Amino acid sequence: MHFQKANRMRTAADTQKRPVNLSISAHTLDQARKLGMNLSKTVDAFLQDEVKRRYWEKWRDDNKEAFAAYNERIHREGLPLAKYRSFGKSLGDGREQG
């Protein structure tokens, strides 16, 4: 699943729908109907956002070790090409060059 192009144009495969059964509290359902809400569109939009959020949460968790290793390397060695920077004279780790 890729979420790189959030604003891309939807294709037919993106818009195919499947019927599902959901249990929603009676009060919430009554209020939504009174407001004229389209339940399918509303649930689909919220579910899509939650799927995206959980996808990236899992991605961060799956890559936690790589982030830690990279951060440790930067702390130990400084930023790559830091000597060519024309701003800020640190090594990228908060230490000033000597």
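Scanning segment 27-51 for residues that are assigned to a loop (DSSP other than H, G, I, E, B) and either surrounded by 11 or more Cβ atoms within 10 Å (Cβ to Cβ) or touching a strand residue (DSSP E or B) at 6+ places or on another chain (Cβ under 9 Å) (or both) yields a single hit, Met37.
Is one or more of the residues making up segment 65-84 modelled with pLDDT of 90 or more, surrounded by 10 or more Cβ atoms within 10 Å (Cβ to Cβ) and assigned to a loop (DSSP other than H, G, I, E, B)? Taking every residue of segment 65-84 in turn, none turns out to be modelled with pLDDT of 90 or more, surrounded by 10 or more Cβ atoms within 10 Å (Cβ to Cβ) and assigned to a loop (DSSP other than H, G, I, E, B).
Taking first residues from segment 28-53 that are over 16 Å from Lys17 (Cα atoms) and free of Cβ contacts under 8 Å to residues at least 40 places away in the same chain and partners that are outside any helix (DSSP H, G or I) and β-branched (Val, Ile, Thr), the Cβ contacts under 9 Å between residues at least 6 apart in sequence or on separate chains come to Ala32/Ile24.
The values are calculated or read from the model by the stated rules, or taken from the named source; none is laboratory data. Every value quoted in this text rests on a predicted model; they were computed, and no experiment measured them. Every residue, glycine among them, receives a Cβ derived from its backbone with ideal geometry; neighbour counts consider all protein chains shown.
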